[in-house]
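Only one structure is covered here, and it is reproduced in the block below.
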Amino acid sequence: MPHAIISPSVLASDFGQLTAECKRMIKNGADWLHMDVMDGHFVPNITMGAPILTCVKKGVPDIFMDCHMMVAQPEKWVDDIAAAGGALYCFHLEATSDPLALIDVIHGKKMKAGVAISPDTPSSAITDQVANAADMLLVMTVYPGRGGQKFLDRCLPKVADLRARFPEKDIEVDGGVGPSTIDACAHAGSNVIVAGTAIFNAPDPEQVITLLKATVNTAQAHAAAQRAQQ
Ligand code: DX5
Ligand code: ZN
């Protein structure tokens, strides 16, 4: 049964204090830290790249960096992100023509491989072969590019479809996720939860992380019990 993994998105953090912000989240119960890498091509914005991740890893050696690569040429950055200490390299399906080869390259660099789909990409674009090779599937619940956007609940049927196809896979949701949308995400079957503004801007981030985690674990236990009955 997939368990809850909470991955606060540092896009909502104070970038001037990035290392301290990551430590603060881990202290508050974060499992992973979600690092949004944007290149100004795949999305209009530019955020951070391998040099910054290297510094974060140096300051927080135990960190699990869940690297969300919103980049036009994901093949190009695998070596640099691996050298920076990235633990998971999640690329966009829309940005590559050979996802299987890319997954192999990522695994060759001892990172987990994630495959992301934007809101307009159907879940059927993730073939069984690609999903089986990947360690994680990411269903975007906003258009990639910036934090603080409104959750798109029309993306949730894709989560439900992927969960039905892959009962044990890590399935991540990202964008507009927080206490008011977690029930729907957990019910659809996601277990890896990215939240930026909902966690970083909360007066008590620990309380939010605990709530997100408990909601997911309850839904997963319920789904596992239902599967056992069938
Ligand atoms: C959007 C990013 C998200 C974003 C989420 O392009 O991929 O990770 O930071 O931020 P919130 O949770 O504020 O929507
Ligand atoms: Zn992201």
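The values are calculated or read from the model by the stated rules, or taken from the named source; none is laboratory data. Here the structure is a predicted model, which is why all the values come from computation and not from measurement. We place every Cβ from the backbone using ideal geometry, glycine too, and count neighbours over all the protein chains shown. Calculation scope for accessible area: heavy atoms of the full protein, side chains included, ligands and nucleic acids excluded. Shrake-Rupley method; radii C 1.70, N 1.55, O 1.52, S 1.80 Å.
Among the residues of segment 141-162, just one is more than 11 Å from ligand 2 (Cβ to nearest atom) and in contact (Cβ under 8 Å) with a residue 60 or more places away in the chain, namely G148. Out of the residues in segment 118-164 that are among the acidic types (D, E) and surrounded by fewer than 16 Cβ atoms within 10 Å (Cβ to Cβ), which is nearest to A188 (Cα to Cα)? Ranking the candidates gives D153 first. How many residues does segment 1-25 contain that are under 26 Å from E168 (Cβ atoms) and either in a helix (DSSP H, G or I) or small (G, A, S) (or both)? Residues that pass the stated criteria total 3. Residues of segment 175-202 that are within 14 Å of ligand 2 (Cβ to nearest atom) and either in contact with a Leu (Cβ under 6 Å, 6 or more places away or on another chain) or open to solvent by 20 Å² or more (accessible area, probe 1.4 Å) (or both): G176, I193, G196, T197, A198. Consider I52 carefully, then state whether it is at pLDDT 95 or above, over 18 Å from the mean Cα position of the chain (by Cα) and among the aliphatic types (A, V, I, L, M). Here the answer is yes, as I52 does meet what is asked.
In segment 30-53, the condition of being within 21 Å of I5 (Cα to Cα), in a helix (DSSP H, G or I) and within 16 Å of ligand 1 (Cβ to nearest atom) is met by at least one residue. Applying a threshold of 6 Å to beta carbon distances and a minimum spacing of six or more residues, or different chains, the list of pairs starting in segment 211-224 at a residue that is at pLDDT 95 or above and ending at one that is open to solvent by 30 Å² or more (accessible area, probe 1.4 Å) reads L211/P179; A219/H187; Q220/M1.
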